[in-house]
Amino acid sequence: MKSFINAKFVKSAEKLSQCPDSVLNEFPLLGRSNVGKSSFINAISNNGKLAKTSNTPGKTRLINYFNFSDKFMIADLPGYGYAKISASVQNAWQKNLEEYLLNRKQIKYLIQFIDARHDIQKNDYQMREWVNEYNLPIITVVTKIDYVSKSKVMSVIKDIKEKLGGEVFPFSTKDNRYNQDIINFLLS
């Protein structure tokens with residue numbers, strides 16, 4: 001796997017106006033809480049402590065920016081589907097994230113994360129419908145693929161591709177053989 005020695009945290013932003021001034025391609029990470037977005041950042045950076053991971057869902061509250069060797073930026077977004085926060089805070093998040101996703105010029109592709117161990121969830125479909133409604137470019141990363149038996153990996157990927165469409169990349173924090181394709185995609 002290519003090493004991104006210079007991957008670093010840049011800043012956190014609550015809304016579009018606070019996002020970093022950058023010309024790099026940007027890849028926002030969409031997914032349910034605890035689907036593996038932070039682990040993905042840590043794995044492709046070869047730095048297990050770059051993005052904070054937690055067993056408690058809903059810890060990410062802001063858009064967290066990471067610069068990968070001045071080649072591209074990753075924007076880790078709050079997970080959807082679970083958070084112990086008030087309705088007014090959730091509504092503010094939704095408004096800020098919609099504004100960011102619809103108006104941030106640097107966004108190259110959205111990356112939606114799906115957990116390989118479970119069926120695609122209702123909120124995953126809702127997110128994808130919203131993205132498709134606005135015709136935003138999106139790919140899918142299937143996390144925790146190492147928890148699926150090797151004989152079922154291809155059928156899981158095929159099923160997700162049939163249901164969501166577009167490019168689908170398997171990903172594992174434990175088995176790097178899956179990860180080079182997604183890294184090559186981010187670099188292209």
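Here, each number is a calculation from the coordinates, and none is a lab measurement. Quantities reported herein were computed from a predicted structural model and do not represent experimental measurements. Reconstructed Cβ throughout: ideal geometry from the backbone, glycine too, with neighbour counts over all protein chains shown.
Close amide H pairs (under 5 Å, H built 1.01 Å from N) link Ile107 with Glu26, residues at least 5 positions away or on another chain.
In straight Cα distance, which aspartates and glutamates are under 15 Å from Lys49, not counting same-chain residues fewer than 8 positions off? Correct list for Lys49: Asp76.
Counting only DSSP H runs of at least 4 residues, each contributing -39500 (n - 2.57), and dividing by the residue count of the chain, the helix-based mean residue ellipticity at 222 nm comes to -9500 deg cm²/dmol. Charges on Cβ only, +1 for Lys and Arg, -1 for Asp and Glu, centred on the Cα centroid of the chain; of Asn103, Gln90, Ile44, which one is farthest towards the dipole's positive end? Of the candidates, Ile44 comes out farthest on the positive side.
Residue order for Met154, Met127, Met73, fewest other beta carbons within 10 angstrom first, comes to Met154, Met127, Met73.
Exceeding 32 Å between C-alpha atoms, which entries from my cross-link table qualify? They are Lys8/Lys144; Lys8/Lys105; Lys15/Lys158; Lys105/Lys150. Long pairs (Cα-Cα over 32 Å): Lys15/Lys158; Lys105/Lys150. Shown in residue order for the range 111-122 are the 3J(HN,Hα) couplings computed by the Karplus curve 6.51 cos²θ - 1.76 cosθ + 1.60 at θ = phi - 60°: 10, 9, 9, 10, 7, 4, 7, 10, 5, 4, 8, 4 Hz (x for Gly and Pro).
Of all DSSP-defined beta bridges confined to the range 8-187, some 35% are antiparallel rather than parallel.
Once you have the Cα-Cα distance between Ser155 and Gln90, take 0.36 nm times their residue separation minus that, and quote the gain in nm to one decimal. Before the final figure, lay out the partial values.
Values: separation 65, 0.36 × 65 = 23.40 nm, distance 3.53 nm.
Residue separation times 0.36 nm, minus the Cα-Cα distance, leaves 19.9 nm.
Rounded to the nearest 20 debye, the dipole size of the range 8-187 about its Cα centre is 500 debye, using +1 on the Cβ of Lys and Arg and -1 on the Cβ of Asp and Glu.
With neighbour counts taken as other beta-carbon atoms within 10 Å, the residues Ser155, Ser172 rank, fewest first, as Ser155, Ser172.
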